[in-house]
């Protein structure tokens, strides 16, 4: 059996030699990698800056405050909790902060683009709270039926309206969500996990500009940070920590209490240090150029795929990701397609599509995106190569020799673009 260091080296080589097209993955900088591998991993820091349960916190407090201030500046928030271990942790803490068991949440249906933590029946949150799901009105354009969403909100009076997605290649109309939320008195929450980097880079709209109260997010994906979560909010940040009244003004305090001690113990200080690095990088002018290129590359890849017979759900993309109806395109399921793409060094993931006739483990869709390849330095002209290789992989999926030949081409191409951590 291989040891850990050998496996790390093999994974490094895999990332160098292939192209990462899963839209929820990215490559971090050398500085982010150094921070997450730093001695901050040795330190327990239960509590919050200035209010810890252990001694020796002078530097943990400073690094967490630095992450908080940078996050607030980046997303125009009044408050930031940078302790959630993941996006799922952030969402679960937010639910615990605002909801009582049995309360209603209105969120996007999983098969229409929503996330597991937006009410999928297999999750703990779905057993605690009542989730009502809105869907795409027109799969050819990705349009959401906001009239139906409003009628659902009026009928069920949700405590939270969640705007966010995991596999939706268009932008949401935050103004419509805000109108409906205000009409029914719901807490307006945006899960921006996929598009946080696009918002930070100015190529996607900020939900706070439309009156949203809370944003939950991961810190990897388009933001290019460590794997982790965060909750941003508007509201009074000076409420005493023992405040229990559930009001909009007290949301920051309620969130802090729900994260710790409500749903988590000690924060991962090495990850928080890496978040601080990531947020600092995202505040630089170069990050805006990166975000712009992610969207340009996605649009170019979408067009190149359509030219080669790939049917795109919603007809294209307005963000960083695409969803292919691979079954409708070529009569193969997502698992078979994912395996063929893996064989040539292109990594992407099988995914359900709206009203999918196939089962979840062999769905009709393939999800892919451009954040990681853009980080490597690929531009619009390179997207045509990727689309061509994808079509070849589909056509020759049963020919191992041909797949190996294509893999060599992909590898030679990818090695021209070093990982950020190699530079």
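For segment 1-146, what class follows from the C-alpha gyration tensor (a ≥ b ≥ c being the square roots of its eigenvalues): rounded when a/c is under 1.5, otherwise prolate if a/b is larger than b/c, else oblate? If you can, show how the numbers build up before the last one.
On the way: a/c = 1.99, a/b = 1.25, b/c = 1.60.
It is oblate, given that a/c is not under 1.5 and a/b is not larger than b/c.
Stretched out fully, how many nm does the piece from residue 284 to residue 296 gain, at 0.36 nm a residue minus the Cα gap? Could you put the intermediate results ahead of the total?
Details: separation 12, 0.36 × 12 = 4.32 nm, distance 1.96 nm.
Difference between extended and current length: 2.4 nm.
Using Cβ counts within 10 Å as a stand-in for footprinting exposure, how do 145, 191, 422 rank, fewest first? Present the calculation step by step, with values, prior to reporting the outcome.
On the way: 145 14, 191 28, 422 11.
Going from least to most buried by this count: 422, 145, 191.
Taking every pair of alpha-carbon atoms in segment 147-265, give the share separated by more than 16 Å as a whole percent.
On the way: 4523 of 7021 pairs.
Result: 64 percent of Cα pairs exceed 16 Å.
Would you work out the relative contact order for the chain, in percent, from Cα pairs under 8 angstrom that are 6 or more residues apart? Mind showing how you got there, number by number?
Values: 889 pairs, mean separation 100.8, N = 423.
Reported relative contact order: 24 percent.
Put a dot 7 Å past each Cα toward the Cβ at residue 51 and residue 236; how far apart are the dots in nm?
1.4 nm
Only counting other Cβ atoms within 10 Å, I'd like 231, 132 sorted with the fewest neighbours first. Write out the running numbers ahead of the final one.
Values: 231 29, 132 17.
If I rank by nearby Cβ atoms, fewest first, I get 132, 231.
What are the extents of the Cα atoms of segment 149-190 along their three principal axes, listed from largest to smallest and rounded to whole Å?
Per principal axis, max minus min of the Cα coordinates gives 28, 17, 16 Å.
Relative to the first principal axis of the alpha-carbon coordinates of the chain, what is the inclination of helix 58-75, with its axis defined by its Cα atoms, in degrees from 0 to 90 and to the nearest 10?
Result, in degrees: 70.
Taking 8 Å as the Cα distance limit and 6 or more residues as the minimum spacing, I'd like the relative contact order of segment 1-146 as a percentage.
On the way: 105 pairs, mean separation 15.7, N = 146.
Computed value for segment 1-146: 11 percent relative contact order.
At q = 0.15 Å⁻¹, what log₁₀ I(q)/I(0) does a Debye calculation on the Cα points of segment 74-191 give, no solvent, two decimals?
-0.65
Sorted from largest down, give the three principal axis spans of the alpha carbons of segment 358-401, whole angstrom values.
Computed over the Cα atoms, the extents are 34, 28, 14 Å.
Kindly identify segment 305-369 as rounded, prolate or oblate by the Cα gyration tensor criterion: order the square roots of the eigenvalues as a ≥ b ≥ c, call it rounded if a/c is under 1.5, otherwise compare a/b with b/c, prolate if a/b is larger, else oblate.
Working: a/c = 1.42, a/b = 1.07, b/c = 1.33.
Judged from the Cα gyration tensor, segment 305-369 comes out rounded (a/c under 1.5).
Percent of alpha carbon pairs in segment 24-71 separated by more than 18 Å? All intermediate terms of the calculation are to be shown ahead of the outcome.
Details: 454 of 1128 pairs.
Tail of P(r) above 18 Å: 40 percent of Cα pairs.
Once you have a ≥ b ≥ c as the square roots of the Cα gyration tensor eigenvalues for segment 308-423, tell me rounded if a/c is under 1.5, and otherwise prolate or oblate according to whether a/b is larger than b/c.
Working: a/c = 2.00, a/b = 1.34, b/c = 1.49.
Oblate.
So if each residue of separation counts as 0.36 nm, and I subtract the Cα-Cα distance between residue 395 and residue 415, what length gain in nm does that give?
Details: separation 20, 0.36 × 20 = 7.20 nm, distance 2.49 nm.
That pair, residue 395 and residue 415, stretches by 4.7 nm at full extension.
Grab the beta carbon distance between residue 9 and residue 179, set R0 = 60 Å, and tell me the FRET efficiency rounded to 0.05. Before the final figure, lay out each step's value.
Working: r = 53 Å, r/R0 = 0.89.
Calculated value: 0.65.
Just from its helices, what would the mean residue ellipticity at 222 nm be for the chain, if runs of 4 or more DSSP H residues each count -39500 (n - 2.57) and the sum is divided by every residue, rounded to the nearest 500 deg cm²/dmol?
Working: 16 runs with 179 residues, N = 423.
It lands at -13000 deg cm²/dmol.
If you take the Cα atoms of segment 128-208, find Rg, then find the Kirkwood Rh from the mean of 1/r over all pairs, what is Rg/Rh? If you can, show how the numbers build up before the last one.
Numbers: Rg = 12.8 Å, Rh = 13.4 Å.
Here the Rg-to-Rh quotient is 0.96.
Sorted from fewest to most neighbouring beta carbons within 10 Å, what does the list 5, 230 look like?
5, 230
Let's test the formula: R0 of 41 Å, r as the Cβ-Cβ distance of residue 404 and residue 141. What FRET efficiency results, to the nearest 0.05? Before the final figure, lay out the partial values.
On the way: r = 39 Å, r/R0 = 0.96.
Efficiency for this residue pair is about 0.55.
If the viscosity is 1.002 mPa s and the temperature 20 °C, what translational diffusion coefficient in µm²/s does Stokes-Einstein give for the chain when Rh comes from Kirkwood over Cα pairs? Walk me through the intermediate numbers first.
Working: Rh = 22.2 Å.
Diffusion coefficient, whole number: 97 µm²/s.
Using r as the Cβ-Cβ distance of residue 157 and residue 78, and R0 as 30 Å, what FRET efficiency do you calculate, to the nearest 0.05?
Numbers: r = 27 Å, r/R0 = 0.89.
My answer for the efficiency is 0.65.
Rounded to whole Å and sorted largest first, list the principal axis extents of the Cα atoms in segment 242-368.
Principal-axis extents of the Cα atoms in segment 242-368, largest first: 58, 39, 30 Å.
Could you tell me the convex hull volume per residue, in Å³, taken over the Cα atoms of segment 206-311?
Values: hull volume 17.5 nm³, N = 106.
Roughly 165 Å³ of hull volume per residue.
Computed from the coordinates by the stated procedures, all read-outs in this text should not be read as laboratory data. Just so it is clear, the model here is predicted, and its values are computed rather than measured. So basically every Cβ, Gly included, is an ideal-geometry build from the backbone, and we count neighbours across all protein chains shown.
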